[in-house]
Amino acid sequence: MILQTDRHKMNPPSFWDKALWKRMIEKPEKERLIIAGALIAAEIDRIQYVEKAELMVDNEAFKTFARLHPVEAFDLNKEQFCDFMRDEGRDLTNLQIESLITESR
């Protein structure tokens, strides 16, 4: 059961501009849902951007760690370390990289 109220009798949230609130409640329900969907999509995009930025920072930190401590970086994340090695211009397979790490222990 959907609770229906007269939206014209509702008060806006305390932090909303009353003129904006009035314009919004006068829009048809479908238009308000489209606006809400656009706002949700924008927030999802923002969250994904932040996550990607955090991953880039983490990836840069991992690269620095791998340069300084390759064995430990390999132990921490084998796949990421092997990708790092190839990004650094070393044309090696994961097995070859693992063999080099084993030899350097």
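Read-outs throughout are calculated quantities, based only on the coordinates presented, and are distinct from any laboratory measurement. Owing to the predicted nature of the structure, the values given are computational and were not obtained by experimental measurement. Methodologically, a virtual Cβ is constructed for each residue, glycine included, from the backbone with ideal geometry; neighbour enumeration extends over all protein chains shown.
Miscellaneous remarks
- Number of Lys-Lys pairs in the chain with C-alpha atoms under 18 Å apart and a separation of 8 or more places or on different chains: 7.
- Among LEU55, LEU20, PHE65 - extreme Cα towards positive end, dipole of the range 17-104, charges at beta-carbon: LEU20
- In this rough spin-label picture, where each label sits 7 Å from Cα along the Cβ direction, the THR93-ASP17 distance is 6.4 nm.
- Here the chain is assigned +1 on the Cβ of each Lys and Arg and -1 on the Cβ of each Asp and Glu. Its dipole about the Cα centre then comes out at about 900 debye.
- With the biggest extent put first, the Cα atoms of the chain measure 76, 27, 26 Å across the principal axes.
- Where GluC sites (Glu not before Pro) fall in DSSP loop in the range 69-105, at most 11 other Cβ within 10 Å: GLU88
- Residues LYS52, LYS78 in ascending order of nearby Cβ atoms (within 10 Å, fewest first): LYS52, LYS78.
- For the chain, the 222 nm mean residue ellipticity estimated from helices alone, with every DSSP H stretch of n ≥ 4 adding -39500 (n - 2.57) and the total spread over all residues, rounds to -24000 deg cm²/dmol.
- Helix 29-68 and the longest principal axis of the Cα set of the chain meet at an angle near 20°.
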